[in-house]
Amino acid sequence: MATQEAPRQPLSIQIPHSSGGYFATNNQFLKKGPKGFSEFKILDNDGGMFTRMDFPGVNKANLKFSIDEDKKSVTFEGEAPKESPYEEEGRTYVWKTMPLQCDCCHISGVTADVKLGVLRVVLQKTDASDFDGGMGEGNAAALARLSPFGRAFVKMTMEGKISTVQLGSSGHSLEQHPQVTKGSGDAFEWKRTEDGGLFVRIDMPGVGKKKAEVVVEGGTVRFSGKAKKGEHDCGGRQYSGSFSLSPQRTDLEGKITHTLKNGVLRIVIPAA
């Protein structure tokens, strides 16, 4: 009499969490480096304004931008296509830069590049006109030495339109990507495959193939990645994390597959 095989038990995943709060609320796997989905600063020597915005899954061919009619802001659109049959859909990002609310300058040029799922932008400006901002004589003189973008930044801060340069925060809960208009805004998602295996998607913007690692230890899958500092970035970033499977698997060595493309790590774990 033939022995009947035991039915396969579909895999489940223990979703990573933190009881003590995350290093950064934009990504539960970010362990070191600038926090937040974006960072920006005024460049020295009239270099304009720099912004770094994470667009995981987007490459240069899928990015477009346009200077708004009033030349006070720029709108960027990025498409992160579906790369795996296990994904529900791709993602769409739409981001409009903070509009300049002053008469001293307007945007005259845009340099934009997206690499490894990170968009970096430098906005160029016209020559400054006189500006005193209603300040005292001493402060006005100091303000006059700033670039036009610097003046606009200070003016908006004084008027309460912005309060600080946000580089992210820590906390007990995660934020979804504010620029995602279609698809998942989370940095992590998983799905059970038809044969009972698992698909996992992890955002690690800025990380290239040579700087990422996926290893199996017992029934735990561990991953990590390092993102190199850009020319104007505040610093490089490091990601690391792990997840366990249920039921526990000890036969995964050499069986799981993973890819890293445009700052997105995808892992496929076969059924037993």
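The values are calculated or read from the model by the stated rules, or taken from the named source; none is laboratory data. Bear in mind the structure is a predicted one, so any value in this text is a computation, not a measurement. Here the Cβ positions follow ideal geometry from the backbone for every residue, glycine too, while neighbour counts run over all protein chains shown. Each accessible area value is taken on the protein alone, full model and side chains, heavy atoms only, with ligands, DNA and RNA left out. Shrake-Rupley method; radii C 1.70, N 1.55, O 1.52, S 1.80 Å.
Failed condition for PHE76, given (1) open to solvent by 70 Å² or more (accessible area, probe 1.4 Å); (2) of a type in the set (Phe, Trp, Tyr); (3) over 30 Å from GLY241 (Cα atoms), with all others met? Here PHE76 clears every test but (1). Taken together, the residues in region 84-110 that are assigned to a loop (DSSP other than H, G, I, E, B) and either at pLDDT 95 or above or of a type outside the set (D, E, K, R) (or both) amount to 13.
Could you pull out every one of the strands (runs of 3 or more DSSP E) wholly within region 178-272 that has 2 or more residues that are of a type in the set (Asp, Glu)?
In region 178-272, 207-217 are the strands (runs of 3 or more DSSP E) which contain 2 or more residues that are of a type in the set (Asp, Glu).
For first residues located in region 65-82 and under 27 Å from ASP186 (Cα atoms) and free of Cβ contacts under 8 Å to residues at least 60 places away in the same chain, partners that are of a type in the set (Gly, Ala, Ser) and open to solvent by less than 90 Å² (accessible area, probe 1.4 Å) and lie 6+ apart or on another chain with Cβ distances below 6 Å form the pairs PHE65/ALA112; THR75/SER66; PRO81/GLY90; LYS82/GLY90. If you check SER224 against the conditions, is it touching a residue at least 40 places away in the same chain (Cβ under 8 Å) and either open to solvent by 80 Å² or more (accessible area, probe 1.4 Å) or under 24 Å from GLY21 (Cβ atoms) (or both)? Criteria not met by SER224.
Being modelled with pLDDT of 95 or more, among the aliphatic types (A, V, I, L, M) and within 23 Å of CYS234 (Cβ to Cβ): is that true of VAL58 here?
Considered against the rule, which asks whether it is modelled with pLDDT of 95 or more, among the aliphatic types (A, V, I, L, M) and within 23 Å of CYS234 (Cβ to Cβ), VAL58 comes out as yes.
Within region 249-260, can you find the residues that are surrounded by fewer than 16 Cβ atoms within 10 Å (Cβ to Cβ) and closer than 27 Å to ALA227 by Cα? Selection gives GLU253, GLY254, LYS255, THR257, THR259.
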